[in-house]
Amino acid sequence: MLFRGASLHRLEPDHHELLADREIVTAIDLRTAEEVARGTYANDGATVHHLPMFRQSPTFEEPIEDLAGTLADTYVWMLGEGAASVERGLGLLRDPDSYPAVVYCAAGKDRTGVLCAIVLDLLGVSREEIAADYSLSDEPAQALREWRAGLDPSRRDPVPAGIYRAPPAAMARFFAAVDDRYGSLDGYLAEAGVPVDRTRAALREILLD
């Protein structure tokens, strides 16, 4: 029903054939306008909604001594920058006619990881399990880094290597920071204009067996 993806604008024809069986009707693209200008998801029957989590990608100072903390801080920053996109994205996902749906960004780890973590939390999934799910993005994000490096070996990647990692501690510290700043994830969502109880009930009705 709900999938997460990365760089879906780069799908090859055989990838589209694989996705055809999923019958995706809604694609939520969390990338910036600059990224979207390079292409977007295109598949028969799917409506793409561009909901950027931020306008400009963050920059990072090297070396990164506390990777989990840096990622967690970045994710909390995203909540502020992308509050309207979170609200609109959850609005789409509480509509049963939006499914099957896919959420994606460039790496499928950070922006996508944050929105999917919110959905999982609303579904009642434990934070330990959410962190473990998030960590599954580590390997594909590493593959993306290697692919980018192979495109032009002479070009330095502006994104530090560590940012492509997905340590479970980053998601754990993200939730802790949300609780500290907003009181709870529900507190953040309410501040962002999300009807929390209605959204939670709709997601559980649609996505839980």
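Read the figures in this text as sums done on the coordinates, not as results from a lab. Keep in mind the model is a prediction, meaning the values are calculated, not measured. Positions of Cβ are backbone-derived with ideal geometry, glycine not excepted, and every protein chain shown enters the neighbour counts.
Report the antiparallel proportion of the DSSP beta bridges in the chain as a percent, rounded to a multiple of 5.
Counting only bridges with both partners in the chain, antiparallel ones make up about 0 percent.
May I ask you to give the average projected area over all directions of the convex hull of the Cα atoms of the chain, in nm² rounded to one decimal?
The number I arrive at for the chain is 11.6 nm².
What residue among Val86, Val178, Val103 shows peak mean-square fluctuation when the chain is described by a Gaussian network model with Cα springs under 10 Å?
Val178
Karplus couplings for the range 152-166 from phi (6.51 cos²θ - 1.76 cosθ + 1.60, θ = phi - 60°), rounded to Hz, Gly and Pro as x?
Going residue by residue, I get 8, x, 7, 8, 7, 6, x, 8, x, 4, x, 5, 7, 8, 9 Hz, with x marking Gly and Pro.
Projected area of the range 21-84, taken from the Cα convex hull and averaged over every viewing direction, in nm²?
Average of the hull's projected areas for the range 21-84 equals 6.0 nm².
Assuming 0.36 nm per residue, please report the length gained on full extension of the stretch Asp179 to Asp97 beyond their Cα-Cα distance.
Residue separation times 0.36 nm, minus the Cα-Cα distance, leaves 26.3 nm.
For Phe3, list long-range residues whose amide hydrogen, built 1.01 Å from N in the peptide plane, is under 5 Å from its own amide hydrogen.
Ala101, Val102, Val103
Starting from 0.36 nm per residue, how many nanometres of slack lie between Glu61 and Glu129 once their C-alpha separation is accounted for?
Taking 0.36 nm per residue and subtracting the Cα distance, the gain is 21.5 nm.
Working out 0.36 nm times the residue gap between Leu151 and Ala37, then minus their Cα-Cα distance, what length gain in nm do you get to one decimal?
Working it through step by step, the gained length comes to 39.1 nm.
Work out from phi, with θ = phi - 60° and the Karplus expression 6.51 cos²θ - 1.76 cosθ + 1.60, the ³J(HN,Hα) of each residue of the range 104-116, listed in order in whole Hz, and give x for Gly and Pro.
8, 9, 7, 9, x, 10, 8, 4, 5, x, 5, 5, 5
Quick one: Karplus J couplings for the range 118-127, per residue in order, coefficients 6.51, -1.76, 1.60, θ = phi - 60°, nearest Hz, x for Gly and Pro?
4, 4, 4, 5, 5, 7, x, 6, 5, 5
Please rank Leu79, Leu30, fewest neighbouring Cβ atoms within 10 Å first, as an exposure proxy.
Ordered from fewest to most neighbouring Cβ atoms within 10 Å, Leu79, Leu30 come out as Leu79, Leu30.
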